[in-house]
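Here is the structure we will look at, set down as structure tokens.
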Amino acid sequence: MTVIAAYETEDYIWIASDSMGGDADEGILTTTGSKIIKKGNYYIGFANSYRVADIIQETSGFPKKINSIKDLRKFRDHLLSAMQSFDYDEKNMEDPVLLIIISPYGIWSIENEFQIHYNPNYYACGGGYAVALGSLFTSKALGIEDGETAVRNAVEASVMHSMVCGGSCFVEFVKKIKK
């Protein structure tokens, strides 16, 4: 029960999350705070698994920088190894791991079956992703360069129009490094 949105402008890359968490099977909803973690030179927005977020926060050895797909593969491989050390892997997970990672070099995602994707311009994941993608698309089509407004609007639209999102909006950003 989440929405994570990321948006790239000329100088910055922005990420935002809602704050609602819960268990759809049990009908338990809570306001949890930000679903964004800082690691090295990048931020990670997580959806579907607080346990994976805990593993990322409690485990050392993740790359200090994510500047390329090679670095993201190292991150993914380390995450899989850390999950196995906690006896938690993709075989015993009810929902897929959904991560959006922003670094000074772009927007990346790790999704179902731990596939890695580079996502130019904008991206969203979680239960409210469709509403957020529509909002981000509109921001990009209109040429909006205020990334904070773009991601905040995407998350707030999802909170208003998706039953699986809620709470407050949290925003972080990194300064882009020109390639």
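The values are calculated or read from the model by the stated rules, or taken from the named source; none is laboratory data. Keep in mind that this is a model prediction, so the values were computed, not measured. When we count neighbours, we look across all protein chains shown, and the Cβ atoms used for this are built from the backbone with ideal geometry, even at glycine.
Numbers for the structure displayed
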item: Strands (runs of 3 or more DSSP E) within region 83-179 that include 2 or more residues within 15 Å of Y43 (Cα to Cα); result: 98-103, 106-111, 122-125, 170-175
item: Of all residues making up region 1-19, the number that are crowded, with 22+ Cβ neighbours inside 10 Å and modelled with pLDDT of 90 or more; result: 11
item: Set G143, G167, G147: member being closer than 17 Å to I4 by Cβ and either out of contact with any Phe, Trp or Tyr (no Cβ under 9 Å at 6 or more places or on another chain) or among the acidic types (D, E) (or both); result: G167
item: Residue that is nearest to H78 (Cα to Cα), among those in region 20-39 that are of a type outside the set (K, R) and at pLDDT 90 or above; result: I37
item: Residue that is at pLDDT 90 or above and in contact with an Asp or Glu (Cβ under 6 Å, 6 or more places away or on another chain), where the choices are V131, V151, V159; result: V159
item: Complete set of residues in region 71-108 that are in contact with a strand residue (DSSP E or B) (Cβ under 9 Å, 6 or more places away or on another chain), at pLDDT below 85 and either closer than 14 Å to G61 by Cβ or buried (at least 21 other Cβ atoms within 10 Å of the Cβ) (or both); result: V97
item: Test result for N121, surrounded by 14 or more Cβ atoms within 10 Å (Cβ to Cβ) and within 25 Å of G167 (Cα to Cα); result: no
